[in-house]
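J.: Submitted below is the structure of interest, expressed as structure tokens.
Please treat every number below as a calculation from the coordinates, not as lab data. The model shown is predicted, which means the values in this text are computed figures rather than measured ones. When we count neighbours, we look across all protein chains shown, and the Cβ atoms used for this are built from the backbone with ideal geometry, even at glycine.
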Amino acid sequence: MLRIVRSLWIWAASAFLVVVWVPLLGLIWMFDKGLRLRTARWFRRLGRMLSRVGPWRIRITGRENLDPKQVYVVVSNHQSLADIPLLSHLRLDTKWLAKVELFRLPLVGWMMRMAGDVPVDRAQPRQGAKALLACGKYLRQHCSVVFFPEGGRSRDGEVQPFNEGAFQLAIREQVPILPLVVEGTGRALPSKTWLWGASRDIRLSVLEAVPVAGWGAKEGAALRDAVRQKIVDELERLRLNSPDEVEYGEQGEIRADLPSARE
């Protein structure tokens with residue numbers, strides 16, 4: 001019963017924030033030109049607000065590996081919808097590659113379009129190529145791009161095979177890859193249920209950037225596998241060094257201690 005009540009509260013509070021944010025973001029978007037960087041920053045700020053609704057403590061490590069002045073191809077494992085608010089704690093100017101179905105959602109989809117995020121229809125390969133071209137354009141304009149190279153959420157928490165597109169893009173644009181590891185979001189919001197899980201640590205680990213100098217177009221698969229292995233190894237380390245469940249207060253503590261983006 002407690003889980004149902006808590007889940008109802010989280011969804012209701014999240015919906016309220018989203019409804020409030022749409023006109024606010026729309027107003028910012030109207031006066032934001034070019035890459036819509038200010039719009040995107042305020043959209044990610046919504047993610048950070050949403051992460052404060054639940055009773056979880058977010059722990060972020062590896063901040064020394066992130067240079068806010070550097071442009072990256074950002075890649076992360078994907079456990080849950082809760083990954084999105086978690087990754088919003090990265091104070092980078094970013095655009096996100098996301099499945100086209102999210103852009104069709106009312107309110108949230110509207111904000112994604114206003115922020116300049118990139119839709120991709122995985123059922124249409126030509127659309128995928130077009131989406132990567134849009135991502136490449138952002139990189140050349142010194143704006144990082146976020147990918148979930150598994151292509152969808154992991155059902156069991158383990159890292160699934162990666163798609164090669166993000167890594168080929170990094171090689172073509174000569175942009176370093178920034179690997180991220182999320183852990184705990186899959187238990188916070190399990191798949192195939194609307195019920196949120198118990199209070200736990202949620203972790204975000206920022207790994208050392210992987211330079212792509214010297215990698216050729218034919219080595220995209222090898223680069224993909226090397227980066228994936230780094231993420232797998234870090235996920236295993238996090239699980240070995242983290243308690244399975246920790247009890248915290250209702251709001252928890254947010255350690256969003258990464259360098260701030262330019263405002």
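J.: So, in nm, how far is label ALA226 from label LEU240 when the simple model puts each one 7 Å beyond its Cα toward the Cβ?
T.: Taking the simple label geometry, ALA226 and LEU240 are separated by 2.3 nm.
J.: Loop-only check: which trypsin sites (Lys or Arg not before Pro) in region 128-184 are DSSP coil with at most 12 other Cβ within 10 angstrom? Mind dumping the intermediate values first?
T.: Numbers: sites: LYS130, LYS137, ARG140, ARG153, ARG155, ARG172; in loops: ARG153, ARG155.
Within region 128-184, the qualifying trypsin sites (Lys or Arg not before Pro) (loop, at most 12 other Cβ atoms within 10 Å) are ARG155.
J.: Okay, moving on. Hey, with R₀ at 22 Å, roughly what FRET efficiency would ALA217 and GLN127 work out to, going by the Cβ-Cβ distance, to 0.05?
T.: Details: r = 21 Å, r/R0 = 0.97.
In this case the efficiency is close to 0.55.
J.: Okay, next question. With a Cα-only, solvent-free Debye model of region 136-187, what are the log10 I(q)/I(0) values at q = 0.13, 0.20 Å⁻¹?
T.: -0.38, -0.77
J.: Can you pull the one-decimal nm distance between simple spin-label points at ALA198 and GLU164, each 7 Å off the Cα toward Cβ?
T.: Taking the two extended label points, one gets 4.4 nm.
J.: What order, most packed first, do the peptides 200-208, 216-224, 159-167 have when packing is the mean number of other Cβ atoms within 10 Å of each residue?
T.: Numbers: 200-208: 21.1, 216-224: 14.2, 159-167: 19.2.
Per-residue Cβ counts within 10 Å, averaged per peptide and sorted highest first, yield 200-208, 159-167, 216-224.
J.: Moving to a separate point now. State the Kirkwood hydrodynamic radius of the chain in Å, one decimal place, computed from all pairs of distinct Cα atoms.
T.: On the way: mean 1/r = 0.0531 Å⁻¹.
That comes to 18.8 Å for the chain.
J.: What ranking do 86-96, 118-128 get when scored by the average of other Cβ atoms within 10 Å per residue, highest first?
T.: Working: 86-96: 23.3, 118-128: 14.6.
Result, highest mean first: 86-96, 118-128.
J.: Using the Cα centre of the chain as the reference point, and only Cβ charges (+1 on K/R, -1 on D/E), how large is the resulting charge dipole? Debye, rounded to the nearest 20. Kindly include the intermediate steps, with their values, before the conclusion.
T.: Details: 39 positive and 28 negative charges, 185 e Å.
With Lys and Arg at +1 and Asp and Glu at -1, about 880 debye.
J.: Mind sorting PHE16, PHE43 by how few other Cβ atoms lie within 10 Å of their own Cβ, fewest first? Write out the running numbers ahead of the final one.
T.: Values: PHE16 11, PHE43 23.
Taking fewest neighbouring Cβ atoms as first place, the list is PHE16, PHE43.
J.: State, as an integer percentage, the relative contact order of region 2-241 based on alpha-carbon contacts under 8 Å between residues 6 or more apart. Walk me through the numbers on the way to the answer.
T.: On the way: 394 pairs, mean separation 62.1, N = 240.
Over region 2-241, the number comes to 26 percent.
J.: In nanometres, what is the gap between the two model label sites at ARG45 and ARG3, each 7 Å from Cα along Cα-to-Cβ?
T.: 3.6
J.: Let me ask another. Tell me which lysines have Cα within less than 17 Å of LYS95's Cα, excluding those fewer than 8 residues away on the same chain?
T.: Within the straight-line cut-off, LYS95 pairs with LYS33, LYS69, LYS130, LYS137.
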